[in-house]
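Student: Input: one structure, supplied below.
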Amino acid sequence: MSCLCPSEISESVSLSRRNFLRAVTGAGAAATLIGPSRLSALVGPRNRKAIVVTFGGGARDDETFMPDGQENIPHLLNELIPQATFYTNVVNRGILGHYVATASIVTGVYETFNNFAAVSPSNPTVFEYFRKDMKRPATDAWVVAPSNGFARIGESGHKAYGSGLGAGVILPKRLLSAALSSRADDARYEHLLRDNYETPLYAPTLAGRQIELSQMAELLKLSVDDFAMHARSLASPDELSVYIAKQLMRQLAPSLLWVTLHDIDIAHSGAFSLYINGIKRSDRLCAELWTAIQQNPEYANKTTMFILPDFGRDSDIDSGGNGFQHHRTGDTLSRTTWMMVLGPNVKQNVVVDRPIESVDLVPTLGAYFGFDARYSSGKPVPEVV
């Protein structure tokens, strides 16, 4: 692939994914189907809900959308993709750091700040557009984030938006750490408390509108003891995040919920087996969230779910990278990801090869809900809206 230009490499990756999905799921091209789901007319913009799941640390096709990798994503392949429109060619042209990349997806603009800086996004977030334009209360938009470094992801520093208009941010690791502050068995929870895998010594400054332990107990109707006890039964931080997300759905039923998974990023440790475990767990948790949507009357038949990595990982053939372990090269394979969309307005078992960008998500959500993502540099993807 080294002799090909970036767009040709992206097209090659897209073609490989399309052919794989066609063989495994029988997915067809979007151009062969016309018209929205018959349910779309029944779900007006004011009643719609959206759940976005991003992966902090993408998984390579070698371990997912290839014959040898399909065993790692049985839920995506067998349960979710047959119900989804799948975009095979999603390009991230921004900085490949997890916080800044997620901020770019959240704002629809490629943010340029230092990935390890404790700053808010410069551009308005999807939560601010949603709440201001749609006149929604603070309880209607939430983020569940994997790292304390995401504390400011809920609202921007933009002068026309910013303070008081963003999403509430829940940092499960911070809450668990606070819940354990007076306990003697903290070591038993160490696997749930590591803040990030990319730079283990990084200690972010906390700020923003993240909720504290006492607020969690009140909002989610969840006692501190019950929270800590449930955490003891979990294997990873992502399981804790999804547990919190389900509590939010049950107690507050927010219309816009953003969940960032991060277990796959344990690949930075260099342990291939842990990286594979992270993929398998993420696959299972996405299916659990979709099941929770279908079983909750507040969400069933009126919720669209978006699933996408923030970016990819290095290939084995790039001499400047470290294969599955890192995303240092910024090469095309690290930037060419995918997106899956499921919901009552969305065509099922369809593959879209047309290139889109990760910044297209916010204006797509704008078209879906009815707000104007006026500062975004992306464009709505028509198959969803």
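The values are calculated or read from the model by the stated rules, or taken from the named source; none is laboratory data. Keep in mind that what you see is a predicted model, and the values were worked out from it rather than measured. Virtual Cβ from ideal backbone geometry, glycine too; neighbours counted across all protein chains shown. What goes into the accessible areas is simple: the full protein's heavy atoms, side chains included, and nothing from ligands, DNA or RNA. Shrake-Rupley method; radii C 1.70, N 1.55, O 1.52, S 1.80 Å.
Student: Could you work out the equivalent-ellipsoid semi-axes for the range 114-186, taking the square root of 5 times each eigenvalue of the Cα gyration tensor, largest first, in whole Å? Working shown, then result.
Tutor: Working: eigenvalues 150, 46, 12 Å².
Ellipsoid semi-axes (Å, largest first): 27, 15, 8.
Student: Let me ask something else. Would you mind checking which residues have amide H under 5 Å from VAL52's amide H? H placed 1.01 Å from N; only 5 or more apart, or other chain.
Tutor: The list, which skips near neighbours in sequence, is LEU257, TRP258, VAL259, PHE306.
Student: While we're here: Taking the highest mean first, how do the peptides 18-27, 150-159, 49-58 order by number of other beta carbon atoms within 10 angstrom per residue? Kindly include the intermediate steps, with their values, before the conclusion.
Tutor: Details: 18-27: 16.4, 150-159: 22.1, 49-58: 24.9.
Highest mean packing first, the order is 49-58, 150-159, 18-27.
Student: Okay, next question. May I ask for the net charge around SER7, where only other residues with Cβ less than 15 Å from the Cβ of SER7 are counted and Lys, Arg are +1 while Asp, Glu are -1?
Tutor: Details: positive: ARG93, ARG335, ARG354; negative: GLU8, GLU11, ASP331, ASP353, GLU357.
Its environment carries a net charge of -2.
Student: Through the Karplus equation 6.51 cos²θ - 1.76 cosθ + 1.60, θ set to phi - 60°, convert the phi angles of the range 338-345 into ³J(HN,Hα) values in whole Hz; use x for Gly and Pro.
Tutor: With the stated coefficients, the range 338-345 comes to 8, 8, 10, 10, 10, x, x, 8 Hz.
Student: Considering only protein heavy atoms and a 1.4 Å probe, what is the carbon-and-sulfur percentage of the accessible area of the range 65-107?
Tutor: On the way: 600 of 1230 Å².
About 49 percent, which is the carbon plus sulfur part of the accessible surface.
Student: Could I ask something else about it? Give, as a single signed number, the net charge of other residues whose beta carbon lies under 11 Å from the beta carbon of ARG250, with Lys and Arg counted +1 and Asp and Glu -1. Before the final figure, lay out the partial values.
Tutor: Numbers: positive: LYS221, LYS246; negative: GLU298.
Here the charged neighbours net out to +1.
Student: Can I ask one more? Show me the three semi-axes of the equivalent ellipsoid for the range 59-158, from the C-alpha gyration tensor (sqrt of 5 times each eigenvalue), largest first, rounded to whole Å. Let's see the in-between values first.
Tutor: Details: eigenvalues 178, 67, 32 Å².
That gives 30, 18, 13 Å for the three semi-axes.
Student: Which value, in Å³ per residue, describes the convex hull spanned by the Cα atoms of the range 225-284? Show your work: numbers first, answer last.
Tutor: Values: hull volume 5.4 nm³, N = 60.
Taking only Cα atoms, the range 225-284 has a hull volume of 90 Å³ per residue.
Student: Around ALA84, which amide H atoms from residues at least 5 apart in sequence, or from another chain, sit under 5 Å from its own amide H, with H modelled in the peptide plane?
Tutor: Amide H neighbours of ALA84: ASN349, VAL350.
Student: What does the highest-first list of 167-173, 349-355, 227-233 look like by mean Cβ count within 10 Å? Present the calculation step by step, with values, prior to reporting the outcome.
Tutor: Values: 167-173: 24.4, 349-355: 18.7, 227-233: 15.0.
Ranking, from highest mean packing down: 167-173, 349-355, 227-233.
Student: Per Stokes-Einstein, at 20 °C and 1.002 mPa s, what whole-number D in µm² s⁻¹ belongs to the range 242-313, with the Kirkwood radius over Cα pairs as the hydrodynamic radius?
Tutor: Value of D from the Cα-based Kirkwood radius: 159 µm²/s.
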